[in-house]
Amino acid sequence: MKLAKKDILGIKDLSVEEINLILDTAESFVEISTREIKKVPTLRGKTVINLFFEASTRTRTSFEIAGKRLSADTINISASTSSVVKGETLVDTARNLEAMNPDIIVIRHSAAGAPHLLARMIRQSVINAGDGFHEHPTQALLDMMTIRNKKGGFGGLKVAICGDIAHSRVARSNIYGLKKMGAKVAVAGPATMMPRDMDKMGVEVHYHLEEAITDADIVMMLRIQTERQNQSIFPSLREYSSYFSLNKRNIGLAKKDVIVMHPGPVNRGVELSPDIADGPYSVILDQVTNGVAVRMALLYLVTGGES
Amino acid sequence: MKLAKKDILGIKDLSVEEINLILDTAESFVEISTREIKKVPTLRGKTVINLFFEASTRTRTSFEIAGKRLSADTINISASTSSVVKGETLVDTARNLEAMNPDIIVIRHSAAGAPHLLARMIRQSVINAGDGFHEHPTQALLDMMTIRNKKGGFGGLKVAICGDIAHSRVARSNIYGLKKMGAKVAVAGPATMMPRDMDKMGVEVHYHLEEAITDADIVMMLRIQTERQNQSIFPSLREYSSYFSLNKRNIGLAKKDVIVMHPGPVNRGVELSPDIADGPYSVILDQVTNGVAVRMALLYLVTGGES
Amino acid sequence: MKLAKKDILGIKDLSVEEINLILDTAESFVEISTREIKKVPTLRGKTVINLFFEASTRTRTSFEIAGKRLSADTINISASTSSVVKGETLVDTARNLEAMNPDIIVIRHSAAGAPHLLARMIRQSVINAGDGFHEHPTQALLDMMTIRNKKGGFGGLKVAICGDIAHSRVARSNIYGLKKMGAKVAVAGPATMMPRDMDKMGVEVHYHLEEAITDADIVMMLRIQTERQNQSIFPSLREYSSYFSLNKRNIGLAKKDVIVMHPGPVNRGVELSPDIADGPYSVILDQVTNGVAVRMALLYLVTGGES
């Protein structure tokens, strides 16, 4: 089976079949990263440009490793060294890159919709590595892969997503995906971090962590952006963590075999207590490992690969 | 035929035969970037260092892609992360890199003559990727390649180069090259942006855009550096663009089959109106595509490749 | 013979046999960098991450070239673009990278002990590329390789190390290594730059350059960090260089066949006069060349390579 899409822009656009195709393909790539020689010639002679307008270690590194393990040529462009500083529009940057004949452009941008604009403008494949508060599809796919691995599927699962829902592209992409795949989603966060129309997305909305995580199969904690402290979204880290931290006390409300997820980087002691982050429930590092496999799968599929 | 030169420092030093050799070789490389597998083993095991003391997306990316498509190992060094910050001289940086046995150093530097100093100091090949207000030979070569492609040659052509002539290494390199190849060059710009001895370079000097572009076969618009606005070189962007912008009205003065060029990044609505930048006359994206081919050709030729 | 160590953290931990194994292996790699095709498939499919929390051109470039000449995939992460800015702990960064299945992490960090912490946390090999004022083992190994090349061994040699001993990880690693290998070490520097317990390391301590370099076979000058001038460690560069610069006058005190070393980047006219830096005694560029070979050897040995 092939992916009938040029681009990966958001989970909203993906069908259940497409998500399954991506996750199945990713599963088949996991093993490559455990070999002595972690490299296959699949994408030899393909050019992948990582165009990052926002700083990111893990996502850029994950894509770069994914590309290299498939033998693609990878080129990194970061905003600080790019001609963005010279005032070029995104469209012009895109068309210029297009003219150099890459095969895939992976883009992270602070503006929601930037990857979509790019994808309409250029003939090559675009993969959204996070756009503003909008979507972060590769993160949601690696999250879903991790859940499927650990739970065998999605049907009947309760997933609690907790924290700054309003400013989280991770939450948004996961809600789209998990609902599609048949899971039930509950969200929890302070009122200032909860979008108004949240219930329209078909999720349970809570303002107390405890309510959301009760009987949850999966608890997904979001990173709190500590720099928002001075923007009157929340009074202090201490107050935030006293109400919205997952810890040894409240984890007992979830199912016995709950798994705890986090997109990273973790603020230890803020949204997650260290004993939970490093404890037996945590699958945070599985998420990272699966991230490389999911990105390998996407690079492979958007260039016409068959599963 | 081989290039009997260790370095590519400026168009001023190149003969007509050498320019033709480079353009012919570049033509033969264009096709590689359109293949399914865009990679040939030509420079396998060669090390190319991109040493950029000034930020640049497109030139660095173009060189990096060119190197990778020829299977060279490419290493990027940018000023911000380099030991330049530790006060090392350019000569010491060069000799240190030399001692690591690269094959080619591509250098961009804000000081005119920096690549020449480097080339004298080290035994490896040096390619000038832009030095101060002096030369930008790879840009001029890709411009000449584009002109030759579109017009079949240079003889009898009128090329108008318009904008901040004084601070443009692109203008300088193109004037040297186009004159050598038999084209006629006219320049236009405000008096504050025109070098005094311009007529000695054998070009027509104009202070009105309209005069220069009349009957032109090629109009090459230069990027205005908007940050110079406060340096009293020009009063305002608005005033500048009202006199020195190429647009739907004045383009009619040029030949019917005029082509419009720009080294990028374009300031839309300043030196170039959007309808011209994106219109049928524009060959701006051909320039970018040819840039990769020209750089492949240069990397190939300076390491002893034969056309 | 194989290296029975997962990591290279410091010279202090290496035995004489291990140092000889590394130097012998490095010797065998020197020739690769002089070939037409400077590349062997030894580490194909291995992933090397260069994780630099401090800026460095030469060390990072040297490791990157070493990795590429062995056909490894190399990934650069620098602090400025990493999620360190997002407040992640080093341990979390490490574990996240570990989860992406690299083979080797090369780390430079301003905190002494950072590589050791990393090495304990992750299952992959860690190579210390400089940690605070603690150790810089790859530099000491390339220095020892250079000495062995030039002098045929270490026994009976007098090595003078001069400058800011207290803040030099290069000095520390060299003292450990040279003493182990049978050389005699003398250090010289102003009292404010001399650690109190220096004599416990088994070296001669001097406060005058002339005393230390008298009859020396090797003079190793350290880089003075000019930015310390305002930290009242020394009054002025001029005063420092009048007492602690190696120059044409005082070099005569050393042995006739003395060699002069410097880890770079050199402050010309401060710790080293230009005629000495570029003169016949200087082996500074041999050090750089040997650096690539030593790093190739280490990448090879820590991944299980046999000499």
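The values are calculated or read from the model by the stated rules, or taken from the named source; none is laboratory data. Since this is a predicted model, take the numbers as computed values, not measurements. All Cβ positions, glycine included, derive from the backbone under ideal geometry; neighbour counts span all protein chains shown. These accessible areas exclude ligands, DNA and RNA; they are computed on the full protein's heavy atoms, side chains included. Shrake-Rupley method; radii C 1.70, N 1.55, O 1.52, S 1.80 Å.
State the volume of the convex hull built on the alpha-carbon positions of region A:254-307, expressed per residue in Å³ and rounded to an integer.
Details: hull volume 5.6 nm³, N = 54.
In region A:254-307, the Cα convex hull volume per residue is 104 Å³.
Using a Debye calculation, one point per C-alpha and no hydration shell, please list log10 I(q)/I(0) for the protein assembly as shown at q = 0.05, 0.08 Å⁻¹ in order. The Debye formula, applied to the Cα set alone, gives -0.33, -0.84. Counting, for every residue in C:268-281, the Cβ atoms of other protein chains within 10 Å of its Cβ and taking the mean gives 1. Rounded to the nearest 20 debye, the dipole magnitude of chain A is 360 debye, with +1 charges on Lys and Arg beta carbons, -1 on Asp and Glu beta carbons, and the Cα centre as origin.
The sum of -39500 (n - 2.57) across all DSSP H runs of n ≥ 4, divided by the residue count of chain A, sets its helix-only mean residue ellipticity at 222 nm to -10500 deg cm²/dmol. Comparing each chain alone with all protein chains together (probe 1.4 Å, DNA, RNA and ligands left out), the residues of region B:101-146 losing at least 30 Å² of accessible area are B:Asn101.
Ordering of C:212-221, B:139-148, B:191-200 by packing is B:139-148, C:212-221, B:191-200, highest average first (other Cβ atoms within 10 Å, averaged per residue). For the residues B:Ser15, A:Ser62, A:Ser242, a 1.4 Å probe over the protein chains yields an accessible-area ranking, largest first, of A:Ser242, B:Ser15, A:Ser62.
Computed in the context of the full set of protein chains, the accessible area of chain C at 1.4 Å probe radius has 51% of its extent on carbon or sulfur.
In the neighborhood of A:Gly156, defined by Cβ-to-Cβ distances under 11 Å, what is the net charge if each Lys or Arg adds +1 and each Asp or Glu adds -1? All intermediate terms of the calculation are to be shown ahead of the outcome.
Working: positive: A:Lys151, A:Lys158, A:Lys184; negative: A:Asp217.
Residues near A:Gly156 contribute +2 overall.
Bridging of B:Lys158 to aspartates and glutamates at a Cα separation below 18 Å is possible for B:Asp143, B:Asp199, B:Glu204, B:Glu210, B:Glu211, B:Asp215, B:Asp217, B:Asp257, once same-chain residues fewer than 8 apart are set aside.
Here C:Val40 yields copy-to-copy label distances, from shortest upward, of 2.9, 2.9 nm, the label point defined as 7 Å from Cα along Cα to C-beta. Shortest first, C:Met1 label-point distances to identical copies amount to 5.7, 5.7 nm, with the label point at 7 Å from Cα along Cα→Cβ.
In the context of the full set of protein chains, residues of chain C present 36 Å² of accessible surface per residue (probe radius 1.4 Å, heavy atoms only). Semi-axes of the equivalent ellipsoid for region B:43-125, computed as √(5λ) from the eigenvalues of its C-alpha gyration tensor and ordered from largest down, come to 20, 15, 11 Å. Along its first, second and third principal axes, ordered by size, region C:192-307 spans 49, 32, 29 Å in Cα coordinates. As an equivalent ellipsoid, region C:92-163 spans semi-axes of 32, 14, 8 angstrom, where each value is the square root of five times an eigenvalue of the C-alpha gyration tensor, largest first.
Averaged over its residues, how many other protein chain Cβ atoms are within 10 Å of peptide B:32-38's Cβ atoms? Display every interim value, and only then the final one.
Working: counts 2, 5, 1, 2, 5, 5, 8.
Mean inter-chain Cβ contacts per residue within 10 Å come to 4.
Counting, for every residue in A:63-74, the Cβ atoms of other protein chains within 10 Å of its Cβ and taking the mean gives 4. Mean projected area of the convex hull spanned by the Cα atoms of region A:184-257, taken over all viewing directions: 5.2 nm².
Of all DSSP beta bridges in the protein assembly as shown, what percent run antiparallel (nearest 5)? Don't jump to the answer; show the numbers that get you there.
Values: 6 of 111 bridges.
So the antiparallel bridges amount to about 5 percent of the total.
DSSP loop trypsin sites (Lys or Arg not before Pro) in region C:219-307 with at most 13 other Cβ atoms within 10 Å of their Cβ, which ones? Walk me through the numbers before you get to the answer.
Numbers: sites: C:Arg223, C:Arg228, C:Arg238, C:Lys248, C:Arg249, C:Lys255, C:Lys256, C:Arg268, C:Arg295; in loops: C:Arg223, C:Lys248, C:Arg249, C:Lys255, C:Lys256.
Here the sparse-neighbourhood loop sites are C:Lys248, C:Arg249, C:Lys256.
Here region C:72-194 is described by how far its Cα atoms reach on the three principal axes: 48, 35, 22 Å, from widest to narrowest.
At 10 °C and 1.306 mPa s, what whole-number value in µm²/s does Stokes-Einstein give for the translational diffusion of chain C, with Rh from the Kirkwood sum over Cα pairs? Mind showing how you got there, number by number?
Working: Rh = 19.8 Å.
For these conditions, the coefficient is 80 µm²/s.
Ascending distances from the C:Gly152 label point to its copies in the other chains, with the point 7 Å along the Cα-to-beta-carbon line: 7.5, 7.5 nm.
At a probe of 1.4 Å, how much accessible area disappears from chains B and A on forming the pair, both sides counted, to the nearest 100 Å²?
Working: alone 13370 and 13340 Å², together 24250 Å².
For B against A, buried area totals roughly 2500 Å².
Find the eigenvalues of the gyration tensor of the Cα atoms of region C:135-226, then list the square roots of 5 times those eigenvalues as equivalent ellipsoid semi-axes, largest first, in whole angstrom.
Each semi-axis is the square root of five times an eigenvalue, giving 19, 14, 12 Å.
Hydrodynamic analysis of region A:1-81 uses the Kirkwood radius over alpha carbon pairs. Inserted into Stokes-Einstein at 4 °C and 1.567 mPa s, it gives a translational diffusion coefficient of 90 µm²/s.
Using packing as a proxy for protection, rank B:171-178, A:128-135, C:151-158 so that the peptide with the highest average count of other Cβ atoms within 10 Å comes first. All intermediate terms of the calculation are to be shown ahead of the outcome.
Numbers: B:171-178: 26.0, A:128-135: 23.6, C:151-158: 15.0.
Order by mean packing, descending: B:171-178, A:128-135, C:151-158.
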